[in-house]
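Working notes, beginning with the structure itself.
The values are calculated or read from the model by the stated rules, or taken from the named source; none is laboratory data. Given the structure is predicted, the values throughout are model-derived calculations rather than measurements. Quick reminder, even Gly has a Cβ in these numbers, built from the backbone with ideal geometry, and neighbours come from all protein chains shown. Areas reflect the complete protein model, heavy atoms only, side chains present, ligands, DNA and RNA absent. Shrake-Rupley method; radii C 1.70, N 1.55, O 1.52, S 1.80 Å.
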Number of protein chains: 2
Amino acid sequence: MASTAHAFRLSASPKPSSAAAAAAPADAFLRPETLSFCSSTGGARLRRSGGACSLSVTAAGAAGLKVRASSATPVMDKSKSEAGPKAPTIVDVDLGDRSYPIYIGSGLLDQPELLQRHVHGKRVLVVTNDTVAPIYLDKVVDALTKGNPNVSVDHVILPDGEKYKDMDTLMKVFDKAIESRLDRRCTFVALGGGVIGDMCGYAAASFLRGVNFIQIPTTVMSQVDSSVGGKTGINHHLGKNLIGAFYQPQCVLIDTDTLNTLPDRELASGLAEVVKYGLIRDAEFFEWQEKNMDALIARDPSALAYAIKRSCENKAEVVSLDEKESGLRATLNLGHTFGHAIETGLGYGQWLHGEAVAAGIVMAVDMSYRLGWIDESIVTRVDKILKQAKLPTCPPETMTVEMFKSVMAVDKKVADGLLRLILLKGPLGNCVFSGDYDRKALDETLRAFVKS
Amino acid sequence: MASTAHAFRLSASPKPSSAAAAAAPADAFLRPETLSFCSSTGGARLRRSGGACSLSVTAAGAAGLKVRASSATPVMDKSKSEAGPKAPTIVDVDLGDRSYPIYIGSGLLDQPELLQRHVHGKRVLVVTNDTVAPIYLDKVVDALTKGNPNVSVDHVILPDGEKYKDMDTLMKVFDKAIESRLDRRCTFVALGGGVIGDMCGYAAASFLRGVNFIQIPTTVMSQVDSSVGGKTGINHHLGKNLIGAFYQPQCVLIDTDTLNTLPDRELASGLAEVVKYGLIRDAEFFEWQEKNMDALIARDPSALAYAIKRSCENKAEVVSLDEKESGLRATLNLGHTFGHAIETGLGYGQWLHGEAVAAGIVMAVDMSYRLGWIDESIVTRVDKILKQAKLPTCPPETMTVEMFKSVMAVDKKVADGLLRLILLKGPLGNCVFSGDYDRKALDETLRAFVKS
């Protein structure tokens, strides 16, 4: 089958952009207390438009590369400087008036001014889970309130795990927000991993039709991927992330120190997304990972900090160009269609998201090879790096072809009944998002990896 | 207490605007089947930005009056023309790339081309209720599919009533959409009154993070108000519409013939919103209503058609200027803060929305008079016209001051703890949205209308 792929080429190595605008979070709420409206004569118009915050999105997209590293200092040192807190590395997500910074660094939760500059109004709701709360909740409340007595903080602690990423648990956030009498000028703060970030973000998108929110991701998975870009939502029992919203945070604050308390399995899970960035668009980064995977697994702070920064730069660039997934953004889902089928089929939470994605990447790579789109050496290198990261390279034995097919049929990338997949094509670092592939290759891949 | 009101003046009578742009619904989904992305070189950029659909919102708002009646024919005749279907009256909601038309007229469901031009993709989900479905579902399915065999239509029938406007019922829409394997290219159609429109709209906003939808309102309430402007959502047991999204439809199709089957009480309920438009911004319309209320109650088709058109023009103008309720749009909530307290306090569905709003308008007018902001003649005229419309002019006896205060405390118009209200001020047709009023007046109004 001939491919009708359109080729869009992007630079593999995000470069600092001197023209990048400073983040200017929309503030629809700093309005005068009283507005008066009359019908008696024509004349002056309302000066503040409610839609103002979405201006210039297209202009931003068209302007191309929007990523900068605004600090020249290393992201993270092994020893803390005695001269005071380090300036964070900043990666900007450029979405016009909805732009926001990603702060990356060690000890950022000890720098209250970073967080406080993005809090709107006097009321904050921290959404976290029962694993993270005992370790970091007090620290975050301190960071929000230190030297800032006008701000009061409520919190809601959800049960930990993918299996609670559902409507019933989401309702607990709304219950708490309403019982606390929060209003539209409040700020929601997501403190935790990807599940917390997705749920808190969707709650913020929906509470009173939208309030501000901040992401404080505490896992590799959420720091390199899910906290950036505004995809929020919950699972349905028939499929992952089927209910949600595109809704951008005010900022993402990545304190790399929070990884010190992360279990090994969670650490490895996040690395699957790091590998993904290399494969779909950043060959140089993939090669760096091949040299540094052992250091990452051993939690070398400098290696982790670099991987987080480079991943955020890749994510920010893609999101700036295609916020609502018209095309390019879908490539961030390499391995995810297979992976989601594993997560849904096994029951949410049995495998971690990154574990399922790792197996999914192997399957997508296998299929790309069967289509003749990539060299065998890529198959070998992917297998090797994922094993080095202590990630699975095949789906669990209990999965069947039918389980894969039924879940993949409700994937968000299906269009008019056609399942579109992200597949590698060409040299390392190149991919396509396409429904134009030989169905036989998909069947062969499924048969090769799972029982029928 | 001195008012710090800013005066924004708008024309009372929307005039046809020859410059109004034709509706151009966003279509993020008509994309090539295959996109290819490479990292090997710089060069061409993605040509379609996902954020493109929100461009020019501010420009649209700044351009002022955006309403036109694009057909010079009367909205509705008492006798159907034998020469074929009448062209609908069209009122445009101007929101840049998210603009859409409101079609108003008799027999519009017999004109399939109207509806079909706004259907995206090949799959449609009609969301309706068990009162409306037996009367209009087949007719709507016919309109969607006539001469259009490529389109297939699923439907979900929800229980009728405000008390079902909740998360459990909303989940039935997601269940049906997912079980039917609908994808992002589908279209949701809301067929029913305000509850159905709000729920279907919020489901469309959230399903797969957003799919297209169409409003077919079948009650006066939804035709004159709730179907226009993109406010969608559900109730929480502690307050109305506290969970939702701003999400605009592709079009609103108002077939005025559907009012023939509307119960009298529902008809009267919708008229409360019609009265509201007159009071907040359109004195001329209010005066017309004073002369024509008996005709409206008697279901005179011409009178109803005019009231619907003029209401939609007012709503469209306000929404175009302030989509996300930075200020001006809040004035559409005259009487609603009191009214929502009645609906929530009594239990959803005991009083119809418009009944509660009518009593709420009387309370807001009473408070405005106590503040010395309006002449007594307005109080008298409001009382008279609402009685003529067979609407309540005081809250139910079971309501207490405490019930009002506890529900009003979670109103969406509270900001930093301050309850802002829409109050009349000045000659007929003028209002303010303000938290800057003497608290004593609010207490006096509550004590005057309800037991303590």
Exercise for the section: Test residue A:182 against the criterion of being closer than 22 Å to residue B:410 by Cα, touching a helix residue (DSSP H, G or I) at 6+ places or on another chain (Cβ under 9 Å) and not assigned by TED's automatic domain parsing to the domain that holds residue A:346, and give yes or no. Expected result: yes
Practice task
Looking only at segment B:306-315, decide whether some residue is of a type in the set (Phe, Trp, Tyr) and over 26 Å from residue B:251 (Cα atoms).
Solution key: no
Exercise for the section: Test residue A:446 against the stated conditions and say whether it is surrounded by 22 or more Cβ atoms within 10 Å (Cβ to Cβ), within 25 Å of the chain's Cα centre (by Cα) and at negative phi. Expected result: no
Practice task
Could you tell me whether segment A:104-112 includes any residue that is within 17 Å of residue A:199 (Cβ to Cβ) and out of contact with any Pro (no Cβ under 6 Å at 6 or more places or on another chain)?
Solution key: no
Fill in the blank from the handout: Picked from segment B:295-337 (must be within 27 Å of residue B:264 (Cα to Cα) and among the charged types (D, E, K, R)), the residue farthest from the other protein chains (Cβ to nearest Cβ) is B:299
Exercise for the section: Confirm whether residue A:266 is open to solvent by 20 Å² or more (accessible area, probe 1.4 Å), in a helix (DSSP H, G or I) and within 14 Å of chain B (Cβ to nearest Cβ). Expected result: no
Exercise for the section: Look at residue B:108 and say whether it is in contact with an Asp or Glu (Cβ under 8 Å, 6 or more places away or on another chain), at pLDDT 95 or above, crowded, with 19+ Cβ neighbours inside 10 Å and within 14 Å of chain A (Cβ to nearest Cβ). Expected result: no
Handout entry: Set B:86, B:139: member being in the same structural domain as residue B:212 (by TED's automatic domain parsing), under 30 Å from residue B:303 (Cβ atoms), open to solvent by 20 Å² or more (accessible area, probe 1.4 Å) and touching a residue at least 24 places away in the same chain (Cβ under 8 Å)
Key = B:139
Completion exercise
Exactly one of B:253, B:259 is in contact with a helix residue (DSSP H, G or I) (Cβ under 8 Å, 6 or more places away or on another chain), part of a helix (DSSP H, G or I), aliphatic (A, V, I, L, M) and open to solvent by less than 10 Å² (accessible area, probe 1.4 Å), and that residue is B:259
Practice task
Filter segment A:398-436 for residues that are hydrophobic (A, V, I, L, M, F, W, C) and within 8 Å of chain B (Cβ to nearest Cβ) and give the result.
Solution key: A:409, A:410, A:414, A:415, A:418, A:431, A:432, A:433
Problem - Verdict on residue A:297 being modelled with pLDDT of 95 or more, farther than 30 Å from residue B:171 by Cα and in contact with a strand residue (DSSP E or B) (Cβ under 9 Å, 6 or more places away or on another chain) - result: no
Completion exercise
Of all helices (runs of 4 or more DSSP H) fully inside segment B:304-390, the set with 3 or more residues that are surrounded by 24 or more Cβ atoms within 10 Å (Cβ to Cβ) and more than 14 Å from the chain's Cα centre (by Cα) is B:336-346, B:353-370
Handout entry: Conditions (1) of a type outside the set (S, T, N, Q); (2) surrounded by fewer than 22 Cβ atoms within 10 Å (Cβ to Cβ); (3) farther than 30 Å from residue B:322 by Cβ: number failed by residue B:162
Key = (3)
Problem - Test: residue A:319 is closer than 18 Å to residue A:393 by Cβ, among the β-branched types (Val, Ile, Thr), touching a residue at least 60 places away in the same chain (Cβ under 8 Å) and assigned by TED's automatic domain parsing to the domain that holds residue A:444 - result: no
Problem - Residues that are under 24 Å from residue A:184 (Cα atoms) and either away from every other protein chain (no Cβ under 14 Å) or open to solvent by 60 Å² or more (accessible area, probe 1.4 Å) (or both), drawn from segment A:111-122 - result: A:112, A:113, A:114, A:115, A:116, A:117, A:118, A:122
Exercise for the section: Pairs only if they're at least six apart or on different chains, beta carbon under 8 angstrom, first in segment A:195-214 and polar (S, T, N, Q), second open to solvent by 10 Å² or more (accessible area, probe 1.4 Å) and part of a strand (DSSP E or B); list them, first residue then second. Expected result: A:206/A:245; A:206/B:245
Fill in the blank from the handout: Of the listed residues (B:241, B:292), the one being touching a Gly at 6+ places or on another chain (Cβ under 7 Å), closer than 28 Å to residue B:393 by Cβ, surrounded by fewer than 24 Cβ atoms within 10 Å (Cβ to Cβ) and of a type outside the set (Gly, Ala, Ser) is B:241
